[in-house]
Each structure stands twice: as structure tokens, then as C-alpha cells.
Amino acid sequence: MSEDSNATILYAVEGRIARITLNRPEKRNALNEELIAGLKDALRRADRDEDVRAVVLSGAGSDFCAGADLAALQQVSTATVAENIEDARSLMELFLLIREVRIPVISAVRGRALAGGCGLALACDMVLASRSARFGFPEVKIGFVPAMVMAILRRSTSEKRAFELLTLGNDIGAEEAQAFGLVNRVLDDEAFADEVAAFGEQFGRVSSSAVRLSKQLFYEGDAMTFKDALECGADTNVIARMTEDCRKGIERFLKKS
């Protein structure tokens with residue numbers, strides 16, 4: 001992780017937005033051990049910065065991320081069970097970290113987001129896609145299983161659509177991905193950078209504590225019963241009422257009314 005243009009991960013803060021860029025354009029930003037480790041470091045850095053309100057994750061060059069690179073795939077085919085477990089768990093930790101980061105993480109997808117790269121995009125809290133972007137899980141074509149991203153995909157689209165994407169291995173365009181519920185907004189290619197920036201800046205105009213509590217509660221509810229989710233919501237409601245943001249917000253509202 002560095003501001004060095006030759007680094008695998010680029011990190012910069014613009015206003016209230018932390019910009020994290022996968023920087024292996026010559027490899028279509030394919031995932032490897034170094035990139036995953038750098039991405040974790042960058043996310044933790046953004047999480048520690050109290051002035052940062054959101055993270056925008058993108059890829060350098062023409063593609064977001066094409067999945068694992070050839071060297072990583074070759075290692076998979078010759079690795080021991082212990083080595084494969086360590087490698088798989090490292091990617092799992094990245095997906096978990098995105099949800100544990102207090103602020104919203106937005107993937108900005110240009111070009112291809114395939115296999116683990118598609119999983120990375122969908123693991124983010126929100127997905128913005130250029131109109132020419134492509135999404136897919138081609139793992140089955142080489143006898144591999146998109147196993148961890150399955151947990152993400154099933155929470156993002158219907159069971160039938162998820163099964164189709166996982167077992168046929170075909171890629172889909174941005175507008176179809178939006179219809180499937182995988183993408184929040186499809187943006188024109190020419191205005192993509194400006195519109196992504198404008199979207200991210202919206203988090204500078206809302207309560208940071210409310211957004212953080214909302215994100216935490218949103219994902220905690222995944223495994224809860226309805227009653228438990230309501231009880232957890234009640235607890236969060238009380239915490240939110242005690243924040244400075246809430247007190248000031250109520251004050252402003254009462255002055256206007």
C-alpha cells in the first residue's frame with residue numbers, strides 16, 4: 001500500500017473519500033497474495049481515519065479485477081492442503097474485513113470483474129458500474145468452485161439467478177447485473193469518474209455515526225431471527241439517540257419546525 005505509482009495498491013484521500021486502487025493493470029488487476037495483503041492494509045488505514053466517510057475501490061487500467069492471476073492458479077494446482085487452506089482463508093478475511101470496516105465501501109467497476117474479482121466487487125457495500133462493465137464467475141469452466149463468493153451472491157440476488165451465474169460460468173453486462181440486484185447504479189462510461197466521486201461525496205453530508213451504526217446492524221442481522229433482529233435494532237436505536245450527531249440533528253429539526 002503506497003502513494004508510489006509502482007505499488008500494487010494505491011491509496012489516496014480526496015476530501016472525505018479514501019480511494020483505494022488495485023494497481024496491476026498489466027495483469028488486469030488479478031488477485032495475488034501481495035495485492036490481497038495490501039488491500040487489507042489500505043482498508044484498515046481508511047477505517048482508522050476519522051475524517052474519511054467512505055471508501056471507493058477501483059482498478060487501474062481497463063478492468064476492475066480479473067480474478068486470480070496465472071501464477072496464483074499454478075500454485076493452487078501444486079499446493080499442499082495446508083497451503084490451500086491458508087490461501088483461501090486470506091481471501092475470506094478480506095471479504096469479512098470489508099463488512100467490519102465502519103464506513104461504506106463502494107466498488108467502482110470498469111471493464112471486467114470476474115471470478116474472485118467479481119466476488120470482491122460484490123463484497124463491497126455498494127457497487128457502481130460503468131455501462132460497459134462485465135460481471136461473472138467462470139470458475140466452473142476450469143473445475144473450480146466459487147465457494148466463498150457464493151455466500152455473498154446468495155445475499156445479493158435470487159436463488160435461481162445465483163445458481164445460474166455460479167454453475168454456467170457466463171458473464172453478464174452491467175444493466176443485467178443491475179436487474180439481478182448486484183449493482184446499485186449503472187453510469188455512463190464517459191462520466192463514470194465524476195459520477196462515482198459525486199456519489200461518494202454524499203456520505204460527507206450525512207451523519208457518520210448513524211451510517212456506522214446502520215452498517216454494523218445491517219450485517220449483524222444476517223443470522224438473526226426476526227425477534228433477535230428487532231431486539232438488536234432496539235439496542236442500536238438507544239445508542240443512536242445518545243450520539244452527538246443525533247442530538248444536534250434533533251436540535252436543527254426542532255428549530256426549523
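The values are calculated or read from the model by the stated rules, or taken from the named source; none is laboratory data. Small disclaimer: the values here were computed from a predicted structure and weren't measured. FYI the Cβ positions are ideal-geometry reconstructions off the backbone, even for glycines, and counts take in every protein chain you see.
Do we have residue 234 as without any contact (Cβ under 8 Å) to a residue 40 or more places away in the chain, farther than 23 Å from residue 123 by Cα, assigned to a helix (DSSP H, G or I) and of a type in the set (Gly, Ala, Ser) here?
Against the criterion (without any contact (Cβ under 8 Å) to a residue 40 or more places away in the chain, farther than 23 Å from residue 123 by Cα, assigned to a helix (DSSP H, G or I) and of a type in the set (Gly, Ala, Ser)), residue 234 qualifies.
What is the one condition in (1) farther than 30 Å from residue 112 by Cβ; (2) assigned by TED's automatic domain parsing to the domain that holds residue 92; (3) among the small types (Gly, Ala, Ser) that residue 229 does not satisfy?
Unmet condition: (2).
Which ones in the range 152-161 are touching a residue at least 24 places away in the same chain (Cβ under 8 Å) and part of a helix (DSSP H, G or I)?
152, 153
Go through the range 202-215 and count every residue that is within 17 Å of residue 106 (Cβ to Cβ) and crowded, with 16+ Cβ neighbours inside 10 Å.
Number satisfying all stated conditions: 5.
Mind checking whether some residue in the range 112-119 is surrounded by fewer than 21 Cβ atoms within 10 Å (Cβ to Cβ), touching a residue at least 12 places away in the same chain (Cβ under 8 Å), touching a helix residue (DSSP H, G or I) at 6+ places or on another chain (Cβ under 8 Å) and within 19 Å of residue 58 (Cα to Cα)?
Within the range 112-119, none of the residues are surrounded by fewer than 21 Cβ atoms within 10 Å (Cβ to Cβ), touching a residue at least 12 places away in the same chain (Cβ under 8 Å), touching a helix residue (DSSP H, G or I) at 6+ places or on another chain (Cβ under 8 Å) and within 19 Å of residue 58 (Cα to Cα).
Taking the condition of being within 13 Å of residue 133 (Cβ to Cβ) and either without any contact (Cβ under 8 Å) to a residue 60 or more places away in the chain or assigned to a strand (DSSP E or B) (or both), how many residues in the range 184-195 meet it?
The total comes to 5.
Does residue 191 count as at pLDDT 95 or above, loosely packed, with under 13 Cβ neighbours inside 10 Å and small (Gly, Ala, Ser)?
In short, yes.
Filter the range 69-78 for residues that are modelled with pLDDT of 70 or more and either farther than 21 Å from residue 10 by Cα or crowded, with 23+ Cβ neighbours inside 10 Å (or both) and give the result.
The answer is 78, and nothing else.
Search the range 79-95 for residues being in contact with a helix residue (DSSP H, G or I) (Cβ under 9 Å, 6 or more places away or on another chain) and not small (Gly, Ala, Ser), and hand back the single one that is modelled with the lowest pLDDT.
My answer is 84.
Yes or no: residue 180 closer than 26 Å to residue 55 by Cα, outside the structural domain of residue 51 (by TED's automatic domain parsing), out of contact with any Leu (no Cβ under 6 Å at 6 or more places or on another chain) and aromatic (Phe, Trp, Tyr)?
no
Quick one: would you say residue 160 is exposed (fewer than 15 other Cβ atoms within 10 Å of the Cβ) and either assigned by TED's automatic domain parsing to the domain that holds residue 17 or of a type in the set (Phe, Trp, Tyr) (or both)?
Answer is yes for this residue.
When the residues of the range 1-22 are narrowed to those that are farther than 19 Å from residue 197 by Cβ and not in a strand (DSSP E or B), which ends up modelled with the lowest pLDDT?
Result: 1.
Could you tell me which residue of the range 79-111 is surrounded by the most Cβ atoms within 10 Å (Cβ to Cβ), considering only residues that are more than 10 Å from the chain's Cα centre (by Cα) and more than 20 Å from residue 37 (Cβ to Cβ)?
Restricting to residues being more than 10 Å from the chain's Cα centre (by Cα) and more than 20 Å from residue 37 (Cβ to Cβ), the top hit is 109.
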